[in-house]
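The values are calculated or read from the model by the stated rules, or taken from the named source; none is laboratory data. These figures come from a predicted structure and were not determined experimentally. Methodologically, a virtual Cβ is constructed for each residue, glycine included, from the backbone with ideal geometry; neighbour enumeration extends over all protein chains shown. These accessible areas exclude ligands, DNA and RNA; they are computed on the full protein's heavy atoms, side chains included. Shrake-Rupley method; radii C 1.70, N 1.55, O 1.52, S 1.80 Å.
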Amino acid sequence: MSSRLTSAVQTALGAFALAVLVLVLRLTWDARQFAQQGEAHVRANAYPEACAAFMDAARSYYPGNPYANLAFSRLLQLADLPLDTPGAAEAQLPRRALESFRMAAMATRSIYVPHAAELATVNERLAGLYARWEEGTRTAYRQPTKSASLAARHAWHLGKLQTVPGPPWLWSLVGLLGLGLALAAMALFVTKALSPSLKIVRGPALGAGLAFFVGFTLFLLGLSH
């Protein structure tokens, strides 16, 4: 490996490490601030605001973020509060807390879903709540009829809740390959298309430009699907 390539790789790795550190610090700070706001709202019996604050804290999740994990736990605790707790029944607290947990988990999913075991329980509880709510309510969207059994309505909602939205894996792979090709083209331009006097070498520059165009196009195609 040439000294120029080694230097470029070291610079890129250093920049990447710095960016990750900044991101981790920002997510930690945001999760801490939102979690503190959530606790203040709980003390004031302002449960809708508490659920929103804890959801925002949980959405600052990264593996090991203590404040985001605390927010997920607090949402489950709020969902278990007795309905005779002041303000809980009026805020429809169990449903609101469970929905906040699920939205935070879905918003922070990547190659896995955070707190997947707890989410499965949350989906079960939400399906039960929705099924019981429909016993006296007509809804406009497509679902089992009002005359369907409680178990049938529960199963229908659970199936919907268990579906994890996401892009098709093939287009995700296309996007990742395109991103890799674009980054490789940038490295090629830096290491091969520039002479020691910083003049552009025509052949490698054209190749790097073409590779970047193709890679970036594939990346955009992956994102569009």
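Against the chain, whose longest principal axis comes from its Cα atoms, helix 150-162 is set at around 20 degrees. Placing a pseudo-label 7 Å from each Cα along the Cα-to-Cβ vector at residue 149 and residue 171 gives an inter-label distance of 3.9 nm. Think of it as helices only: each DSSP H run of n ≥ 4 in the chain is worth -39500 (n - 2.57), and spread over all residues that comes to -24500 deg cm²/dmol at 222 nm.
Multiplying the residue separation of residue 179 and residue 116 by 0.36 nm and removing their Cα-Cα distance gives an extension gain of 19.8 nm. Percent of C-alpha pairs per 5 Å bin in the stretch 145-225, short distances first: 3, 15, 14, 11, 9, 8, 7, 6, 5, 5, 4, 4, 3, 3, 2, 0. Seen against the Cα atoms of the chain and their longest principal axis, helix 169-192 is set at about 30 degrees. With 0.36 nm allotted per residue and the present C-alpha distance subtracted, the residue 163-residue 206 stretch has 10.9 nm of extension available.
Each label was represented as a point 7 Å from its Cα along the Cα-to-Cβ direction; for residue 214 and residue 45 these points are 6.7 nm apart. Across the alpha-carbon atoms of the stretch 1-129, the computed radius of gyration and Dmax are 18.9, 71 angstrom. The structure-derived value of Rg/Rh (Cα atoms, Kirkwood Rh) appears in the list (1) 0.93; (2) 1.16; (3) 0.98 under the label (2). In the chain, the portion of solvent-accessible area held by carbon and sulfur atoms comes to 67 percent [1.4 Å probe, whole percent, DNA, RNA and ligands not counted].
Each Cα pair under 8 Å and six or more residues apart adds its separation to the average, and for the stretch 1-82 the resulting relative contact order is 26 percent. Restricting the GluC sites (Glu not before Pro) of the stretch 38-91 to loop positions (DSSP other than H, G, I, E, B) with no more than 14 neighbouring Cβ atoms within 10 Å leaves 90.
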